[in-house]
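Here is the structure we will look at, set down as structure tokens.
The values are calculated or read from the model by the stated rules, or taken from the named source; none is laboratory data. None of the values given here were measured: they were computed from a predicted structure. Cβ placement follows ideal geometry from the backbone for every residue including glycine, while neighbour counts extend to all protein chains displayed.
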Amino acid sequence: MHGACQSYFEAIISAGANFASSPARILIDFLDPLVIAEKIAFTENYKYVTIDDIAEELRDGKRGVNGIGANGKMIVEP
């Protein structure tokens, strides 16, 4: 997750970020990046997290934050 409110979303994504803020050039809620980071951190590492999995938890949905997705990071021990 990179960028800040009203950042250049397309350039950040093309530079390699999985998620970036403000594709609609709006001010985002300061908690939105934390919601995304938490979702990725607490998702099992064999699952892929997309913006569709998170959008309803964000104040402005895909208008505020969007991206291509990321693998979960949580390692589950058997």
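Of note:
- Positions within the range 30-67 being within 16 Å of S7 (Cβ to Cβ) and either loosely packed, with under 15 Cβ neighbours inside 10 Å or in contact (Cβ under 8 Å) with a residue 40 or more places away in the chain (or both), in sequence order: F30, K62, R63, G64, V65, N66, G67
- Candidate set from the range 19-44 (those that are at pLDDT 95 or above and either part of a loop (DSSP other than H, G, I, E, B) or over 11 Å from the mean Cα position of the chain (by Cα) (or both)); member that is farthest from P78 (Cα to Cα): A41
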